1. Taking residue 308 as meeting all but one of (1) within 20 Å of the chain's Cα centre (by Cα); (2) surrounded by fewer than 23 Cβ atoms within 10 Å (Cβ to Cβ), write down the number of the exception.
2. Can you name the number of the only condition in (1) more than 30 Å from residue 270 (Cβ to Cβ); (2) in contact (Cβ under 8 Å) with a residue 40 or more places away in the chain; (3) within 21 Å of the chain's Cα centre (by Cα) that residue 196 fails?
3. Do we have residue 374 as out of contact with any strand residue (DSSP E or B) (no Cβ under 7 Å at 6 or more places or on another chain), outside the structural domain of residue 217 (by TED's automatic domain parsing), touching a residue at least 24 places away in the same chain (Cβ under 8 Å) and crowded, with 16+ Cβ neighbours inside 10 Å here?
4. Looking only at the range 207-230, filter to residues that are within 20 Å of residue 307 (Cβ to Cβ) and out of contact with any strand residue (DSSP E or B) (no Cβ under 9 Å at 6 or more places or on another chain); which one of those is surrounded by the most Cβ atoms within 10 Å (Cβ to Cβ)?
5. Looking only at the range 202-225, decide whether some residue is farther than 30 Å from residue 121 by Cα and either assigned by TED's automatic domain parsing to the domain that holds residue 126 or under 21 Å from the mean Cα position of the chain (by Cα) (or both).
6. Out of curiosity, is residue 137 assigned to a loop (DSSP other than H, G, I, E, B), in the same structural domain as residue 382 (by TED's automatic domain parsing), in contact with a helix residue (DSSP H, G or I) (Cβ under 9 Å, 6 or more places away or on another chain) and crowded, with 23+ Cβ neighbours inside 10 Å?
7. Which ranges mark the helices (runs of 4 or more DSSP H) fully within the range 158-260 that have 3 or more residues being within 23 Å of residue 352 (Cα to Cα)?
8. Please verify whether the range 389-400 includes one or more residues that are outside any helix (DSSP H, G or I), more than 20 Å from residue 159 (Cα to Cα) and modelled with pLDDT under 95.
């Protein structure tokens with residue numbers, strides 16, 4: 001690394017990093033990546049200067065303080081920091097040493113198995129990401145100023161140097177913006193793509209305005225689903241800010257544990273995590289909760305960004321037809337329209353979202369593989385995979401539920 005009067009060091013906990021310094025880097029990078037519009041509601045326009053919620057100090061430090069990462073979780077915090085000679089933070093990256101590939105949503109277990117069959121050790125590896133969160137956002141965070149590009153390059157170079165010097169198999173940067181993905185490709189990182197489904201707000205005033213853009217059959221289906229979801233006397237509530245009491249978190253955690261235990265055996269997030277984010281970032285959280293006969297029965301947690309609503313975890317202790325669609329997808333659309341948010345990102349996977357107005361969107365990850373043989377094999381695989389992802393995205397987009405006459409007019 002050239003002498004730029006900077007130093008790179010590793011922090012084993014975010015408790016070592018002042019929150020305002022970390023968030024200044026996160027907010028500056030979030031603002032650089034975002035394309036803001038002037039029609040944000042006044043209360044949400046104040047979030048323009050806030051960091052992406054998932055790379056904020058509050059979110060990441062809550063993971064550590066609640067023991068959702070660290071200890072025996074297989075996620076050991078090793079955050080990269082770039083500082084000047086006075087110790088001021090110029091750049092940072094949320095980074096973890098991993099002993100497995102769980103909770104990442106970019107699947108490399110096949111690479112690990114192939115390398116280990118050949119006699120290599122794939123774990124530990126280095127992971128630049130937000131644990132358990134398949135949401136695109138900045139990963140190489142830099143303070144505002146003309147040196148941002150240099151600092152971002154220093155972070156990228158540090159990742160490759162640490163991987164090699166520490167005899168790690170690889171370094172992975174997941175769910176990063178396309179521009180950073182392209183830049184890392186020029187620095188020797190392998191490039192990977194995948195698909196998610198996002199709902200785009202084109203200026204709708206009401207949910208019915210959105211439905212008016214769909215084909216008649218899809219419009220009728222969604223109306224029927226929404227009606228049947230609430231038919232058993234179910235009430236939907238939006239909870240945020242001071243609404244997020246410990247009793248509410250108790251109910252939601254029960255939902256989360258039910259879904260997590262059935263899907264992947266051991267849920268990642270602890271009960272304390274929800275209390276901590278409820279204390280530190282309540283105004284950036286929306287819980288969509290369903291109540292029947294005076295009892296909470298289902299809910300979904302969303303995080304509120306400057307331009308997007310990010311849907312995360314869902315769960316229920318009573319199961320009713322279409323309630324999942326109502327709580328996770330349709331209520332999120334309602335909220336985004338009411339608050340003039342540009343889109344809803346509904347998490348990983350799920351082609352069933354397409355029929356509900358969520359369109360395919362490409363996601364990006366970058367991978368540095370230290371071993372030349374494994375690197376060649378992965379590079380060949382990724383070339384085929386990128387072609388498949390692109391073709392699948394085009395096919396899915398062609399099956400979108402929007403009215404064909406409107407598409408032809410564009």
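The values are calculated or read from the model by the stated rules, or taken from the named source; none is laboratory data. Owing to the predicted nature of the structure, the values given are computational and were not obtained by experimental measurement. Because the Cβ atoms are built from the backbone with ideal geometry, glycine has one as well, and the counts that use them run over all protein chains shown.
1. (2)
2. Result: residue 196 fails condition (1) only.
3. Judged against the criteria, residue 374 is a match.
4. The residue in question is 207.
5. Checked the range 202-225: no residue is farther than 30 Å from residue 121 by Cα and either assigned by TED's automatic domain parsing to the domain that holds residue 126 or under 21 Å from the mean Cα position of the chain (by Cα) (or both).
6. Numbers: assigned to a loop (DSSP other than H, G, I, E, B): yes; in the same structural domain as residue 382 (by TED's automatic domain parsing): yes; in contact with a helix residue (DSSP H, G or I) (Cβ under 9 Å, 6 or more places away or on another chain): yes; crowded, with 23+ Cβ neighbours inside 10 Å: yes.
Against the criterion (assigned to a loop (DSSP other than H, G, I, E, B), in the same structural domain as residue 382 (by TED's automatic domain parsing), in contact with a helix residue (DSSP H, G or I) (Cβ under 9 Å, 6 or more places away or on another chain) and crowded, with 23+ Cβ neighbours inside 10 Å), residue 137 qualifies.
7. 207-211, 216-230
8. Scanning the range 389-400 turns up at least one residue that is outside any helix (DSSP H, G or I), more than 20 Å from residue 159 (Cα to Cα) and modelled with pLDDT under 95.
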